[in-house]
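Chemist: Dropping the structure in here first, questions after.
The values are calculated or read from the model by the stated rules, or taken from the named source; none is laboratory data. All figures in this text were calculated on a predicted structure; none of them were measured in a lab. Because the Cβ atoms are built from the backbone with ideal geometry, glycine has one as well, and the counts that use them run over all protein chains shown. Just so you know, the surface numbers come from the protein's heavy atoms only, side chains and all, with ligands and any DNA or RNA stripped out. Shrake-Rupley method; radii C 1.70, N 1.55, O 1.52, S 1.80 Å.
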Amino acid sequence: MKMHLSTKILIGLVLGVFAGLALGSDGLPFAKAWIAPFGTIFMNMIKMIIVPLVFSSLIVGICGLGDVNKIGRVGAKTIAYYLGTTAFAIVLGLVLGTLLSPGTGINMPSGDVKAAAKAAPPLMQVIVAIFPTNPVDAMLQANMLQIIVFALFMGGGITLVGERADSFFKFFDGMAEACYKVVGMIMWFAPIGVFALMTPVTATYGPAVLFPLLKVIVAVYLGCAMHAFIVYGFLLKTVGKMNPMTFFKGILPAQMVAFSTCSSSATLPVSFECVQDMGVSKEVSSFVLPLGATINMDGTALYQGVCALFVAQIYGIDLSMGQYVTIILTGTLASIGTAGVPGAGLIMLTMILQAVGLPLEGAALVAGIDRILDMPRTTVNITGDATVALIVDKGEKDREARLANS
Ligand code: ASP
């Protein structure tokens with residue numbers, strides 16, 4: 001029997017976890033020298049395809065969307081869903097942080113303060129930085145938001161020029177198709193890549209490292225599972241009119257890649273493949289997914305809610321209603337500004353702590369186990385992007401069917 005790709009990746013993931021535990025900290029140098037490089041090769045390969053894939057497919061997508069009204073409608077809907085689900089996630093994080101109170105009874109020496117205390121960039125700076133001065137530089141840096149902005153302009157330009165820009169359009173169309181094929185090839189390597197990424201993680205974080213912070217870990221994992229199954233499940237069923245289980249099965253390969261790479265951006269090519277296999281159009285997915293990988297971080301928002309409360313509890317600080325609201329607002333903004341790379345959420349956590357006047361050193365307490373918390377939050381981040389892609393696509397298809405009938 002031919003084994004499905006997600007089964008193979010799952011086997012790689014589980015074997016990686018056990019291999020890491022078996023090697024333990026003594027075997028860590030071996031894991032780093034001989035196993036981790038295969039994970040790096042996998043990561044490099046997916047990163048290699050991100051820029052050409054996003055750029056070409058977004059241009060094709062914009063040209064496919066055609067009129068400005070459609071671009072505006074899809075854009076507005078996407079951003080509304082992204083913001084709504086993110087605010088919900090952070091509230092869920094706060095609720096779980098209150099119920100499970102992970103910080104009570106903990107007395108931990110603060111660890112790597114420096115790593116966590118890096119200041120988050122101010123909001124206006126983030127907005128200005130979306131507009132590239134040099135598109136080639138944006139591509140060199142793989143700056144996703146800048147690439148999106150440039151592709152939006154180029155797609156608009158090609159559409160406006162019409163026939164004379166046809167060859168240009170065909171070039172990007174062919175390039176996007178070739179990129180999808182390359183993603184397919186890279187995915188053959190995914191089971192080995194995921195195995196190699198997981199082994200050093202579990203070899204580093206044995207039970208001894210995780211135990212003192214077990215409650216934070218439980219709160220974040222539980223919250224992430226609840227957000228995915230309840231919030232996305234509900235949206236998919238009611239708005240997307242699809243069976244959530246079909247969706248979760250379809251998105252599983254991307255989830256496992258997200259879990260092991262801890263990077264929404266690196267998972268992007270795989271997310272593309274998964275949602276397109278579920279029938280989402282290229283126009284919608286090429287716009288919704290890259291945008292989501294950069295600005296939609298529900299798992300990160302949830303984690304920030306839990307961690308803000310954790311820090312408050314450790315220092316015995318009671319938060320006022322106003323501070324809760326501040327956490328929700330800054331958390332939503334912070335998650336937009338969070339880059340889809342490993343550990344970015346931790347830096348943005350300091351922005352929230354600062355906004356509500358909590359000690360920044362608090363972030364250092366969770367810094368030691370950040371990788372473990374990054375895995376589920378990145379998984380939820382990309383699941384949210386895919387959910388919105390399916391919902392928006394369904395909305396567009398229904399609209400087209402209605403217009404065709406009238
Ligand atoms: N690693 C996360 C992501 O790429 C961001 C974060 O650190 O929360 O989605």
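Chemist: Take the conditions open to solvent by 10 Å² or more (accessible area, probe 1.4 Å), part of a helix (DSSP H, G or I), of a type in the set (G, A, S) and touching a residue at least 60 places away in the same chain (Cβ under 8 Å) and apply them to S265. Does it pass?
Modeler: Answer is yes for this residue.
Chemist: Continuing with this model, one more query. Report every pair of residues separated by at least 6 positions or lying on different chains whose Cβ atoms are under 7 Å apart, first residue within the stretch 241-260 and open to solvent by 10 Å² or more (accessible area, probe 1.4 Å), second acidic (D, E).
Modeler: G250/D277
Chemist: Among what's in the stretch 275-319 and is acidic (D, E) and more than 16 Å from the ligand (Cβ to nearest atom), pick the residue that is least open to solvent (accessible area, probe 1.4 Å).
Modeler: E283
Chemist: Filter the stretch 1-57 down to the residues that are within 13 Å of V257 (Cβ to Cβ) and modelled with pLDDT under 90 and list them by number.
Modeler: L5, S6, M43, I46, K47, I50, listed by residue number.
Chemist: So, one more: Got a sec? Which helices (runs of 4 or more DSSP H) wholly within the stretch 336-406 have at least 2 residues that are modelled with pLDDT under 90 and within 30 Å of T204 (Cβ to Cβ)?
Modeler: 344-356, 361-367
Chemist: Regarding V220, is this residue under 18 Å from Y82 (Cα atoms) and part of a helix (DSSP H, G or I)?
Modeler: no
Chemist: Being open to solvent by less than 70 Å² (accessible area, probe 1.4 Å) and in a loop (DSSP other than H, G, I, E, B) is the filter; apply it to the stretch 122-133 and report the residue that is farthest from T350 (Cα to Cα).
Modeler: Looking at residues that are open to solvent by less than 70 Å² (accessible area, probe 1.4 Å) and in a loop (DSSP other than H, G, I, E, B), I get P132.
Chemist: Does V356 meet the test of being more than 10 Å from the ligand (Cβ to nearest atom) and buried (at least 24 other Cβ atoms within 10 Å of the Cβ)?
Modeler: No.
Chemist: Can you tell me which residue is farthest from V51 (Cα to Cα) among those in the stretch 142-165 that are surrounded by 13 or more Cβ atoms within 10 Å (Cβ to Cβ) and not aliphatic (A, V, I, L, M)?
Modeler: T159
Chemist: Within the set of pairs 6 or more residues apart or between chains, which connect a residue that is at positive phi and open to solvent by 10 Å² or more (accessible area, probe 1.4 Å) inside the stretch 320-346 to a residue that is within 12 Å of the ligand (Cβ to nearest atom) and not in a helix (DSSP H, G or I) with Cβ atoms less than 8 Å apart?
Modeler: Listed by first residue and then by second, the contacts come to G343/C262.
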